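Let me begin by presenting the structure, written as structure tokens, before commenting on it.
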Amino acid sequence: MNAPRKIPDAVQDAQHAASDPAASAWVSANAGSGKTYVLAQRVIRLLLDGTDPSKILCLTYTKAAAANMANRVFNRLAGWTTLDDEALDAENPQRRHPAYR
């Protein structure tokens, strides 16, 4: 079994920037590069900013991709509901950063 590969910092920075609800972003990349992850993070950040869920539109090429993205959002939010503040900060250290809000 191979150890998980570390995502380069530059890629993580680009993903974080693309998931910023205040920015207009177009994400185009190869399969397996993290597009669904970025879209799910963007939806989560929109929800955390108070956006009405009925105002969020996500476009994917397939129903499978849409289901995958929805599952990622629901699973992340569901996991957060049982955490106390300290555990939530450990799960997502950027949560308190002003740019994340």
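The values are calculated or read from the model by the stated rules, or taken from the named source; none is laboratory data. Every value quoted in this text rests on a predicted model; they were computed, and no experiment measured them. Calculation scope for accessible area: heavy atoms of the full protein, side chains included, ligands and nucleic acids excluded. Shrake-Rupley method; radii C 1.70, N 1.55, O 1.52, S 1.80 Å.
Quick one: pull the percent of accessible area on the stretch 1-81 belonging to carbon and sulfur, 1.4 Å probe, ligands and nucleic acids left out.
Summing carbon and sulfur atoms, their accessible area is 58 percent of the total for the stretch 1-81.
What whole-number value in Å² describes the accessible area per residue of the chain for a 1.4 Å probe? Let's see the in-between values first.
Details: 7740 Å² over 101 residues.
Heavy-atom SASA per residue in the chain reads 77 Å².
Determine the calculated [θ] at 222 nm for the chain from helices alone, applying -39500 (n - 2.57) to every DSSP H run no shorter than 4 residues and normalising by the residue count; nearest 500 deg cm²/dmol.
Details: 4 runs with 49 residues, N = 101.
Result for the chain, helices only: -15000 deg cm²/dmol.
Please list the radius of gyration and Dmax for the stretch 1-96, considering alpha-carbon atoms only, with Å as the unit.
14.2, 43
For the stretch 14-28, what does the Karplus curve 6.51 cos²θ - 1.76 cosθ + 1.60, with θ = phi - 60°, yield as ³J(HN,Hα) per residue in whole Hz, taken in order and with x for Gly and Pro?
Result, rounded to whole Hz: 5, 5, 5, 5, 5, 8, 6, x, 7, 9, 8, 9, 10, 10, 9.
Full extension from residue 61 to residue 22: what is 0.36 nm times the residue separation minus their Cα-Cα distance, to one decimal in nm?
On the way: separation 39, 0.36 × 39 = 14.04 nm, distance 2.41 nm.
Full extension from residue 61 to residue 22 adds 11.6 nm.
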